[in-house]
């Protein structure tokens, strides 16, 4: 894996709709800009990118948790995304995000029973992607349905892939749409 750049973004919302958010809603993204080894050509076997996903899952999750300054088991929600440069294909993002990234990601955040939500797209330098988020142990906890916009101003270039992992220390600021609360989640099946 060839990494050109690592970007970390920490966001802290202290005020929402004129009301203080206490404690502040915090989230962090760790992003890697990597060379796409299959840019410009079709390749039947893309296992190399599956292995890259496994490596990035743990590495980026650890960086995001450290950026928030919390213990891994304090992570409340998570998500992942990738943007493939125009000389690659969407399947390259799928290879990174789906088969093996999740295990090391969960290990780095103290577990997680829920599916890790994801998004992927094709793009050019400066393309933004919304990384979907939900509660890591029960996907139906509505207070944690969210997304974080991530953008790297000079990536992806045509032969690159941007891979982003986001973790949070809370749900949305001032949630009030009802539904399952995190303290009521059974955390058995990843849903409720």
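Suppose a student asked you for the relative contact order of the chain, using Cα pairs under 8 Å spaced at least 6 residues apart; what percent would you report?
Computed value for the chain: 28 percent relative contact order.
What residues from the range 159-192 fall in the zone where the backbone N is under 19 Å from a label point 7 Å along the Cα-to-C-beta line of residue 140?
176-192
Can you tell me the Rg and the Dmax, both Å, for the Cα atoms in the range 88-192?
Reported Rg and Dmax, both Å: 15.3, 46.
Take the Cα pairs of the range 8-98, get the Kirkwood Rh, then feed it into Stokes-Einstein at 37 °C and 0.692 mPa s and tell me D in µm²/s.
For the chosen part, D equals 216 µm²/s.
Determine one quarter of the surface area of the Cα convex hull of the range 80-126, which equals its mean projected area, and express it in nm² to one decimal.
3.6
For residue 177 and residue 74, calculate 0.36 nm times their separation in residues minus their Cα-Cα distance, and state this gained length in nm to one decimal.
That pair, residue 177 and residue 74, stretches by 34.8 nm at full extension.
Can you compute the radius of gyration and Dmax for the chain, using only the Cα atoms, both in Å?
16.5, 54
Using the basic label-point model (7 angstrom from Cα toward the beta carbon), what is the residue 15 to residue 98 distance in nanometres?
Taking the simple label geometry, residue 15 and residue 98 are separated by 4.4 nm.
Using only C-alpha atoms and all pairs of different ones, pull out the Kirkwood radius for the range 139-181 in Å with one decimal.
13.0
Values quoted throughout were computed directly from the atomic coordinates according to the rules given, and no laboratory measurement underlies them. Quantities reported herein were computed from a predicted structural model and do not represent experimental measurements. Methodologically, a virtual Cβ is constructed for each residue, glycine included, from the backbone with ideal geometry; neighbour enumeration extends over all protein chains shown.
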